[in-house]
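Q: Pasting a structure below so you can have a look.
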Amino acid sequence: MYQTIWKFHKKYINNISGDNAFWDEVINEADMITKKYHNHNFIIALVSAELTEFERLHRELIKDADARI
């Protein structure tokens, strides 16, 4: 379970973007992970934490881009 989350994290953490295709891929993989572990509350919490972090980083990237304008 932890290894799956770690691989998910590593796959996307350095590629955060506002592109819809990126977010579609992230959400689809997150859904596959939760299904793989039978929607157990713990895996849902881990996936949610990753999604929250990806979203936070995305907002930070937007803020930094706006500051450069």
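Q: Between region 26-69 and region 7-25, what is the separation of their alpha carbon centroids in Å?
A: A separation of 8 Å, based on Cα centres.
Q: Between 45, 21, 30, where does the largest GNM mean-square fluctuation fall for the chain, given springs only between Cα atoms within less than 10 Å?
A: 21
Q: Between 27, 61, 6, whose Cα lies farthest towards the positive end of the dipole of the chain when Lys and Arg beta carbons carry +1 and Asp and Glu beta carbons carry -1, centred on the Cα centre?
A: 6
Q: In straight Cα distance, which lysines are under 22 Å from residue 35, not counting same-chain residues fewer than 8 positions off?
A: Hits, sequence-local ones excluded: 7, 10, 11.
Q: Something else: Can you show me the helix-derived [θ] at 222 nm for the chain, built from DSSP H runs with n ≥ 4 at -39,500 (n - 2.57) apiece and divided by the number of residues, rounded to the nearest 500.
A: That comes out to -27500 deg cm²/dmol.
Each value in this text was obtained by applying a stated rule to the coordinates, not by laboratory testing. Bear in mind the structure is a predicted one, so any value in this text is a computation, not a measurement. Cβ sites come from the backbone with ideal geometry, for glycine too, and all protein chains shown count toward neighbours.
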